[in-house]
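Written below as structure tokens is the structure these notes are about.
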Amino acid sequence: MTDLRSERAAVFDDLHTKNADPWDFETSAYEAKKREATIAALGGRHFGNGLEIGCSIGVLTQDLSTICDELVAVDVSAVALEKARQRLGRGNKITFRQAEIPGAWPEGRYDLIVLSEVLYFLSIEEIEETSCLAQRDLNPGGLCLLVNWDGPTDLPVDGRLAARTFRAACPWTVVFKEDEPCYRIELLRPVIDAR
């Protein structure tokens, strides 16, 4: 497992070295619309402590920082994290951390956990573990936001399977869902909080 994780970090470092914005987060109208929908799915709520897994170069991180008092932004790529730091500075509000989930899950308690366009890069077993870690570390009343590409991928797990696996691994209630032609947004709450 360690070799796989090291390889994954190297792949994403290489991707971000070759292209400053590999998914066109800064320039794509599609990405801008998806970010707006992602923030809108949170219904105007404000959060004390947020966790973003897979922050890449920090474009969504910037939006999340406006609705979180404190935000931990995590990525497997050191290169991507340096770009995020350059974009957002090194203030007290955002803590950047290089880690590969689920093995190096950032310990803490969170009111919001965001996994945007990241789950399908994991194996089924890693998605299941990530789901349980997210649920474990949510504060009472906390929310978990999933955003997944809904089209085909060249990966073993696609967005639909990733989301279904995540929801099935631990008991979650879907409190909001938006299906767009190319992506799906799901806002989840642990079932225990739904009583």
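The values are calculated or read from the model by the stated rules, or taken from the named source; none is laboratory data. As the structure is a prediction and not an experimental result, all values here were calculated from the model. All Cβ positions, glycine included, derive from the backbone under ideal geometry; neighbour counts span all protein chains shown.
Out of the residues in region 150-173 meeting the condition of being in a loop (DSSP other than H, G, I, E, B) and β-branched (Val, Ile, Thr), tell me which one is surrounded by the fewest Cβ atoms within 10 Å (Cβ to Cβ).
So, considering only residues that are in a loop (DSSP other than H, G, I, E, B) and β-branched (Val, Ile, Thr), the one surrounded by the fewest Cβ atoms within 10 Å (Cβ to Cβ) is THR153.
Those residues that are surrounded by 14 or more Cβ atoms within 10 Å (Cβ to Cβ) and part of a strand (DSSP E or B), I need them from region 174-195; list them, please. Outline the logic, then answer.
Residues of region 174-195 surrounded by 14 or more Cβ atoms within 10 Å (Cβ to Cβ): 175-176, 178, 183-190, 193.
Matches in region 174-195: VAL175, PHE176, GLU178, TYR183, ARG184, ILE185, GLU186, LEU187, LEU188, ARG189, PRO190.
Would you check if ALA99 is in contact with a helix residue (DSSP H, G or I) (Cβ under 9 Å, 6 or more places away or on another chain) and either of a type outside the set (Phe, Trp, Tyr) or over 18 Å from LEU187 (Cβ atoms) (or both)?
Answer is no for this residue.
Going through region 24-54 one residue at a time, which ones are under 14 Å from the mean Cα position of the chain (by Cα), without any contact (Cβ under 8 Å) to a residue 40 or more places away in the chain and under 30 Å from GLU7 (Cβ atoms)?
Residue satisfying the conditions is ARG35 alone.
For region 62-79: of the residues being of a type in the set (S, T, N, Q) and surrounded by fewer than 24 Cβ atoms within 10 Å (Cβ to Cβ), which is nearest to GLY108 (Cα to Cα)?
Filtering region 62-79 for residues of a type in the set (S, T, N, Q) gives 62, 65-66, 77.
Checking which are surrounded by fewer than 24 Cβ atoms within 10 Å (Cβ to Cβ) leaves us with 62, 65-66.
Values: GLN62: 21, SER65: 17, THR66: 20 Å.
Checked region 62-79; the qualifying residue nearest to GLY108 (Cα to Cα) is SER65.
In the set GLU117, GLU129, GLU82, GLU107, which member is loosely packed, with under 13 Cβ neighbours inside 10 Å and modelled with pLDDT of 90 or more?
Of the residues listed, the single one that is loosely packed, with under 13 Cβ neighbours inside 10 Å and modelled with pLDDT of 90 or more is GLU107.
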